[in-house]
Amino acid sequence: MSAQNRILIKGGRVVNHDRIFHADVFIEDGLIKDVGENLIIPGGAKIIEANGKYVIPGGIDTNTSLELEFMGTRTADDFYTGTKAALAGGTTMVMNFVLETKKKSLLDAFEASKSQAEKKACCDYAFHVCVLNYDDEIGKEMETLVGQKGVNSFKMFMAYKDYLMINDADLIKIFKKCKELGAIPMVHAENGDVIDECQQKIKNLGITGPEGHLLSRPESLEAEATNRAITIAHEVNSPVYIVHVMSKSAANAVSEGKRKGTVVIGEPIAAGLATDGTHYYNKCWRHSAGHVMSPPLRDDISTPGYLMDLLASGDLELTGTDHCVFNTNQKALGKDDFSKIPNGVNGVEDRMTVIWDRGVKAGKMDPCRFVAVTSTNAAKVFNIYPQKGYIGKGSDADVVVWDPEQSKTISVKTHNQAVDFNIFEGMTCQGAPMVVISNGKIVLEDGNLHVSQGAGRFVETPAFSDYLFERIKKRGSLHPLKVEREAYTGLVVDPTKDLESQMANSKIGEPPVAGHANFHHRPLTKSGARNLQDSSFSLGGEQWDDQPLKTSTRVKNPPGGKSSGIF
């Protein structure tokens, strides 16, 4: 057996989502075979000296669009260049969207994407399938995808009117179908109808540049759609996953939904955690267009820090990138009309580094939380834990030796992505992978990247993730109680006859009147009861329902007792 199939990582600090401990990690045949100190292992293993560095699970990017046709063109990164870049940054699995807008069936679109990935992907991958409308045939395809094809997530767009946008009625049906199948409905949350109006308004003002993209998609429209999706999920008792949470208001809607008991997952992305929307006002069209994505980056410069705070605290769950990149000549499809600029930014290579720098280095989260939000929580949500997202016996050998002190300056000149722009250009971040192991093979060591096209495997995502559906199942068994009451036997109006005469014949007697003028008497309520706004007492001590004293009643002792003696 070759040394490449046996790897021993010595002297590291293993970081899982729940604890940090000193241990060696032994890898053989693509799996983690043992974790502990003073391990006894077979000969012929390659030794990696961690020297106190962190040993963490490989990252899982939950939101990529590789080799995807969108807005009249195709993304610059295919499955090879995109997954190569992912591995360079410490991400060992991507979850890619299947989007078909040419009336191809969901199953055919899925098989086409899977075939492309099988030939090119360097790391493991899974799929989310986009659904643009709903009928019985699509419902059957969803059943097949979940039951036979290893897909447990479907994405819907509440934006891109007349292109990708779904209506609320179909959204409700898909949420219910996902609940039935044990699948996860994912939502791009923006109010597409209002965006369409705003785009026309901005264009009528003569604004055609990238700043128009931000101006036509205000934060309130992201928050409204986020809240609407969460409300629908709550009412049908379904989980909901909000992709690319980009604003404070949308993040607050996710937080509030959690507090009300909705099973909601909020996913901020690397771009929203590390940069902002002030770039849309840059004088250079290429620079500003390079930042165009939806929902847009927000021009409130405190937004990235706010989103990071909520990610650290648990209000937001995990991170993706929405890696959907286009070169400048592709972005130029919208050079005279901001609404035609292909939407998308990079992130798959730099996600781990920018989150460590802005999260851990900044003191907002510890290394365990970093592992949770970059790997473990994704594995739990999509039901592949502990196969992924964990350093333990039997887990896949997707392992990163992480150097928390290594400094890295991000640049388009040195990145591995196939795009000619990087939204993190010039950022110097602390924290980077020293060694990356994917499926038990070393793919990054000493700064050198060694990947194999087609080495990645398709990872099935089983239905009914306990992380989400245990709560859904419990809540589904709880029902409101019916009030047992006597049947109403009174008159019922006949809407086909004159209402006035029927009302005249159903007058209800006036309430008893207390024998004192201090009481107020408002009209009866519609149900015939006394108006509770009436005063029920007076300063003289009378009560509303007092009955007049009979003339023969004697009062032996006045209030306060009998008076006697000299007083």
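The values are calculated or read from the model by the stated rules, or taken from the named source; none is laboratory data. Computed from a prediction, not measured in an experiment: that's the story for all the values here. Neighbour counts are summed over all protein chains in view; Cβ atoms, including those assigned to glycine, are modelled from backbone coordinates with ideal geometry. Ligands, DNA and RNA are stripped out before the accessible areas are found, and what is left, the full protein with its side chains, is counted by its heavy atoms. Shrake-Rupley method; radii C 1.70, N 1.55, O 1.52, S 1.80 Å.
Observations, loosely collected:
- Pair list, Cβ < 7 Å and 6+ apart or interchain, from the stretch 93-122 residues that are open to solvent by 20 Å² or more (accessible area, probe 1.4 Å) to residues that are β-branched (Val, Ile, Thr) and part of a helix (DSSP H, G or I): 106/138; 107/144
- Within the stretch 301-322, residues that are within 30 Å of residue 67 (Cα to Cα) and basic (Lys, Arg) have Cβ atoms under 8 Å from residues that are open to solvent by less than 10 Å² (accessible area, probe 1.4 Å) and assigned to a helix (DSSP H, G or I) in no pair, counting only partners at least 6 apart in sequence or on another chain.
- Residues of the stretch 323-365 satisfying the condition of being touching a helix residue (DSSP H, G or I) at 6+ places or on another chain (Cβ under 7 Å), in a loop (DSSP other than H, G, I, E, B), within 23 Å of residue 62 (Cα to Cα) and of a type outside the set (Gly, Ala, Ser): 342, 348, 349, 350, 364, 365
- Matching option when the condition is open to solvent by 20 Å² or more (accessible area, probe 1.4 Å) and under 18 Å from the mean Cα position of the chain (by Cα), among 408, 413, 380, 364: 380
- Number of the exception - residue 321 against (1) open to solvent by 10 Å² or more (accessible area, probe 1.4 Å); (2) under 15 Å from residue 246 (Cβ atoms); (3) of a type outside the set (A, V, I, L, M); (4) touching a Gly at 6+ places or on another chain (Cβ under 7 Å): (1)
- Those residues of the stretch 147-169 which are farther than 24 Å from residue 473 by Cβ, touching a strand residue (DSSP E or B) at 6+ places or on another chain (Cβ under 9 Å) and open to solvent by 20 Å² or more (accessible area, probe 1.4 Å), in sequence order: 160, 163, 165
- Residue 319 being in contact with a helix residue (DSSP H, G or I) (Cβ under 9 Å, 6 or more places away or on another chain) and polar (S, T, N, Q): yes
- The criterion of being charged (D, E, K, R), within 22 Å of residue 230 (Cα to Cα), in contact (Cβ under 8 Å) with a residue 40 or more places away in the chain and part of a helix (DSSP H, G or I) holds for residue 176.
- Within the stretch 433-466, being assigned to a loop (DSSP other than H, G, I, E, B), in contact with a Gly (Cβ under 7 Å, 6 or more places away or on another chain) and either free of Cβ contacts under 8 Å to residues at least 24 places away in the same chain or open to solvent by less than 20 Å² (accessible area, probe 1.4 Å) (or both) holds for 440, 461.
- Restricting attention to the stretch 10-27 and to residues that are closer than 11 Å to residue 54 by Cβ and among the aliphatic types (A, V, I, L, M), the residue that is surrounded by the fewest Cβ atoms within 10 Å (Cβ to Cβ) turns out to be 20.
The rows are residues; the columns are (1) part of a helix (DSSP H, G or I); (2) over 21 Å from residue 227 (Cβ atoms); (3) in contact (Cβ under 8 Å) with a residue 40 or more places away in the chain.
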residue: 128; (1), (2), (3): no, yes, yes
residue: 137; (1), (2), (3): yes, yes, no
residue: 163; (1), (2), (3): no, yes, yes
residue: 172; (1), (2), (3): yes, no, yes
